[in-house]
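Only one structure is covered here, and it is reproduced in the block below.
The values are calculated or read from the model by the stated rules, or taken from the named source; none is laboratory data. Given the structure is predicted, the values throughout are model-derived calculations rather than measurements. Counting neighbours? That spans all protein chains shown, and the Cβs are built from the backbone with ideal geometry, glycine included. Remember, those area values only see protein heavy atoms, side chains included, never the ligands or the DNA or RNA. Shrake-Rupley method; radii C 1.70, N 1.55, O 1.52, S 1.80 Å.
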Amino acid sequence: MPYLLISTQIRLEAGPTMVGDENSDPHLMSILGATKRNMLGNNFCEYYVNDAPRVVLDKLESLGYRVVSMTGVGQTLVWCLHRE
């Protein structure tokens, strides 16, 4: 899985950070220390870590991921990463 999206709410720059969806690589999620949870009202699960996005980005860089793009969507910050 070479592409990965991570995101956080603007008011939560210190964490938690959403690092994957229910179909994400379980091994990668384990390395990141992510836990799967289902938010009330959603019919899907997401992986979260309590780390700030900067910490998650540092961990992913050490695993060979590079930021392709970053944007703000409403009150959410989103990073797209790719691994060769």
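Among the residues of the range 69-79, those that are in contact with a strand residue (DSSP E or B) (Cβ under 6 Å, 6 or more places away or on another chain) and open to solvent by less than 90 Å² (accessible area, probe 1.4 Å) comprise S69, T71, T76, L77, V78, W79.
For the range 13-41, the tally of residues that are over 24 Å from R66 (Cβ atoms) and of a type outside the set (S, T, Y) stands at 7. For the range 12-28, check the following and say yes or no: at least one residue is free of Cβ contacts under 8 Å to residues at least 24 places away in the same chain, among the hydroxyl-bearing types (S, T, Y) and either surrounded by 13 or more Cβ atoms within 10 Å (Cβ to Cβ) or within 21 Å of H82 (Cβ to Cβ) (or both). Checked against the condition, which is being free of Cβ contacts under 8 Å to residues at least 24 places away in the same chain, among the hydroxyl-bearing types (S, T, Y) and either surrounded by 13 or more Cβ atoms within 10 Å (Cβ to Cβ) or within 21 Å of H82 (Cβ to Cβ) (or both), the range 12-28 yields at least one hit.
If you take the residues in the range 29-68 that are in a strand (DSSP E or B) and among the aliphatic types (A, V, I, L, M), which one is least open to solvent (accessible area, probe 1.4 Å)? Among those residues, the one meeting the criterion is V49.
Here is a check on your reading of the model: is E46 of a type outside the set (A, V, I, L, M, F, W, C), out of contact with any helix residue (DSSP H, G or I) (no Cβ under 7 Å at 6 or more places or on another chain) and at pLDDT 95 or above? Here the answer is no, as E46 does not meet what is asked.
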